[in-house]
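Here the structure is laid out as structure tokens; the discussion comes afterwards.
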Amino acid sequence: MKLKIITTGWESLGFKSYKEYLSSDIWKERQIYMIRLYPYCKICNAPKRYSKLMRVKRKTKEGVRIMVWEREYFGKTLQVHHTNYSSCGDEHQEDLQVLCYGCHKNTHEVSGNDI
Ligand SMILES: [Zn+2]
Ligand SMILES: [Zn+2]
């Protein structure tokens, strides 16, 4: 079942469709803003993807143990989900949820809509 969106939020911003709004800079900036406020997935608590230089143990070809600097990656890619579609284009903070890619995908599979 696809959710029917009844809103004029994106229309008042001059977009022809919800899709067009989602690929706009306005939505991109709103996502960046939300992720800056909540840099964690609301469901699984995974932090926003980041990297850190770490001192790690490695072995050389000759079997000698050495310590080297390596960049390690943590966290997940975060996305912003609409919990309430009636305000799309003019979202309130409580209509949006920061989720990681996996939890976001699951949320849509459960709700059955594709936004
Ligand atoms: Zn998650
Ligand atoms: Zn979503």
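Residues of segment 27-39 that are part of a helix (DSSP H, G or I) and surrounded by 14 or more Cβ atoms within 10 Å (Cβ to Cβ): TRP27, ARG30, GLN31, MET34, ILE35. Could you look through segment 82-110, keep only residues that are under 17 Å from LYS42 (Cα atoms) and more than 14 Å from ligand 1 (Cβ to nearest atom), and pick out the one that is surrounded by the most Cβ atoms within 10 Å (Cβ to Cβ)? Ranking the qualifying residues of segment 82-110, first place goes to LEU96.
Out of curiosity, is LYS59 free of Cβ contacts under 8 Å to residues at least 12 places away in the same chain and within 15 Å of ligand 1 (Cβ to nearest atom)? No, not satisfied. Looking at LYS52, LYS42, LYS57, LYS19, just one residue is part of a loop (DSSP other than H, G, I, E, B) and of a type in the set (Lys, Arg), and that residue is LYS42. Checked against the criterion of being free of Cβ contacts under 8 Å to residues at least 40 places away in the same chain, within 27 Å of LEU13 (Cα to Cα) and among the acidic types (Asp, Glu), the candidates ASP90, ASP95 yield just one match: ASP95. Within segment 95-115, restricting attention to residues that are outside any helix (DSSP H, G or I) and at pLDDT below 90, which residue is farthest from ligand 2 (Cβ to nearest atom)? So the residue we want is GLY112.
Within segment 66-81, residues that are under 22 Å from VAL56 (Cβ atoms) and part of a strand (DSSP E or B) reach partners that are within 16 Å of ligand 1 (Cβ to nearest atom) and not polar (S, T, N, Q) with beta carbons closer than 6 Å, at six or more positions or on different chains, in the pairs PHE74/TYR50; LYS76/ALA46; LYS76/ARG49; LYS76/CYS100.
Of all residues in segment 57-77, those being under 30 Å from VAL98 (Cβ atoms) and either more than 16 Å from ligand 2 (Cβ to nearest atom) or β-branched (Val, Ile, Thr) (or both) number 7.
The values are calculated or read from the model by the stated rules, or taken from the named source; none is laboratory data. Just so we're clear, the structure is a prediction, and the values are computed from it rather than from any experiment. Virtual Cβ from ideal backbone geometry, glycine too; neighbours counted across all protein chains shown.
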